[in-house]
1. Restricting to lysines 8 or more places apart or on different chains, can you count the pairs in the chain with Cα atoms under 26 Å from each other?
2. Taking 8 Å as the Cα distance limit and 6 or more residues as the minimum spacing, I'd like the relative contact order of segment 23-93 as a percentage.
3. How far is helix 71-81 tilted, in degrees, relative to the longest principal axis of the Cα atoms in the chain, given as a value from 0 to 90 rounded to the nearest 10?
4. Give the angle, between 0 and 90 degrees and rounded to the nearest 10, that separates the Cα long axis of helix 124-139 from the longest principal axis of the Cα atoms of the chain.
5. Given the DSSP H assignment, sum -39500 (n - 2.57) over each helix run of at least 4 residues in the chain and divide by its residue total; what's the result at 222 nm in deg cm²/dmol, nearest 500?
6. Farthest toward the dipole's positive end in the chain, which of V58, G102, P148, given Cβ charges of +1 (Lys, Arg) and -1 (Asp, Glu) about the Cα centre?
7. With an 8 Å cut-off on Cα pairs and a minimum separation of 6 or more residues, tell me the relative contact order of the chain in percent.
8. Working from Cα positions, state the angle (0 to 90°, nearest 10) between the long axis of helix 36-48 and the longest principal axis of the chain.
Amino acid sequence: MYKFSEVVDQMVPFTSDLKKIDAGIDRPHNGAATALYDAVFLGSQALTRRQGRKVMVVITDGGDTMSQVNYKEALRTAQEAEAIIYSIIIVPIEADAGRDTGGEHALVQISSDTGGKYFYATSLPQLDSAFQKISDELRTQYLLAYYPSERYSGSEFRQLRVDLTNPPAGGPYQSHYRAGYYTRKGTF
């Protein structure tokens with residue numbers, strides 16, 4: 001678990017110990033600036049070394065005032081790590097003239113490009129609801145894999161597209177998928 005304001009700090013290392021996680025959740029505090037893209041970048045780097053499904057939940061207002069890396073670098077690192085990013089965008093005052101809608105759109109896009117979703121929250125019940133929706137979705141996902149017909153080398157980005165054709169009746173079926181992937185050197 002990471003917190004970010006002027007700097008990005010790891011609050012709790014990867015663990016399944018709920019007591020450690022709860023203690024880490026109690027420690028974050030507000031700062032004077034936001035290093036959002038640095039947090040996505042560093043979190044993605046940490047996930048790169050992990051096995052299995054990699055999910056990142058980012059809770060922020062969408063502003064970035066302090067990062068050393070830019071949006072493209074953060075997105076690329078997340079895509080290379082095969083991380084799914086869910087954004088919970090905190091909107092304290094919806095009609096605030098100082099609201100960073102550009103930052104919000106960046107979070108919407110990074111979530112979409114990594115196969116995640118975004119949620120808006122203006123209250124604690126909405127925040128709880130967003131976490132519940134993320135939890136529900138993670139329990140009902142399917143994995144689709146393929147091998148490309150042509151073998152490439154290098155690290156060029158390969159775009160993906162998944163369409164649902166003739167979905168079964170009885171449900172609002174949706175596909176959420178990452179926009180593509182980067183090949184790893186030596187794998188193709």
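Throughout, read-outs are computed from the coordinates displayed, never taken from laboratory work. These figures come from a predicted structure and were not determined experimentally. Glycine gets a Cβ as well: all are built from the backbone with ideal geometry, and neighbour counts include every protein chain shown.
1. Step by step, the pairs that qualify in the chain add up to 17.
2. Values: 89 pairs, mean separation 30.1, N = 71.
Rounded, it is 42 percent for segment 23-93.
3. It works out to around 60 degrees.
4. Helix 124-139 and the main axis of the chain meet at about 20 degrees.
5. -10500 deg cm²/dmol
6. P148
7. RCO, the chain: 17 percent.
8. Once rounded, the angle reads 50 degrees.
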